[in-house]
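Since the structure comes first, as structure tokens, the remarks are kept for the end.
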Amino acid sequence: MTAPFAGDWTTGRPALAFQHCRACGARWLFARSFCPQCGGTDVEMQEASGLGTVHAVTLVTRAPSEALRPHAPYLLVLVDADEGFRVMAHAAPDVAIGDRVAASFRPFGSGLVPYFACVE
């Protein structure tokens, strides 16, 4: 039996979480009441290690809102998490495709976001 889910960065807690289907083994973001792979409803939330490999990067030079303009430019990445799902997040400026990264969490605008940096 798994412990009750305590929340993640979407609820203000500095953690990265994903869902897992007990029927087919699929893993995904973001939370939903059914498995997108098999349609099953026996799903559970799990906390991720925060480790992964960078799949893609993009530099945002024009922020999407006035509130985020002071943060630009900033790097966005797609990370293939060790647990088997992909997540989009912010990253340190020196992160590149293929790098091993670890998540921390930083304020951004009015919320908290995952922030990946290279692992030694």
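Descriptive notes on the structure:
- Qualifying residues in segment 40-54 (those that are part of a strand (DSSP E or B) and more than 13 Å from the chain's Cα centre (by Cα)) - the one nearest to PHE108 (Cα to Cα): MET45
- Filter pass, VAL87 being of a type in the set (Val, Ile, Thr) and buried (at least 16 other Cβ atoms within 10 Å of the Cβ): yes
- A search for C-beta distances below 9 Å between a residue of segment 93-115 that is farther than 16 Å from ASP8 by Cα and without any contact (Cβ under 8 Å) to a residue 24 or more places away in the chain and any residue that is open to solvent by 40 Å² or more (accessible area, probe 1.4 Å) and in a strand (DSSP E or B), counting only pairs 6+ apart in sequence or on different chains, returns PRO93/LEU59.
- Residue within segment 55-67 that is out of contact with any Pro (no Cβ under 8 Å at 6 or more places or on another chain), open to solvent by 70 Å² or more (accessible area, probe 1.4 Å) and farther than 23 Å from GLY109 by Cα present: yes
- A single member of ALA23, ALA15 is assigned to a loop (DSSP other than H, G, I, E, B), in contact with an Asp or Glu (Cβ under 7 Å, 6 or more places away or on another chain) and open to solvent by less than 70 Å² (accessible area, probe 1.4 Å), and it is ALA15.
- Segment 68-84, subset under 24 Å from ALA31 (Cβ atoms) and of a type in the set (Gly, Ala, Ser), residue most open to solvent (accessible area, probe 1.4 Å): GLY84
- A count restricted to segment 41-54 and to residues that are open to solvent by 40 Å² or more (accessible area, probe 1.4 Å) and touching a residue at least 12 places away in the same chain (Cβ under 8 Å) stands at 7.
The values are calculated or read from the model by the stated rules, or taken from the named source; none is laboratory data. Everything numeric here is computed off the predicted structure, so don't read it as measured data. Heads up, the Cβs are rebuilt from the backbone with ideal geometry, glycines too, and the neighbour counts pull from every protein chain shown. For the accessible areas, the whole protein counts, side chains as well, though only heavy atoms, and no ligand, DNA or RNA atoms are used. Shrake-Rupley method; radii C 1.70, N 1.55, O 1.52, S 1.80 Å.
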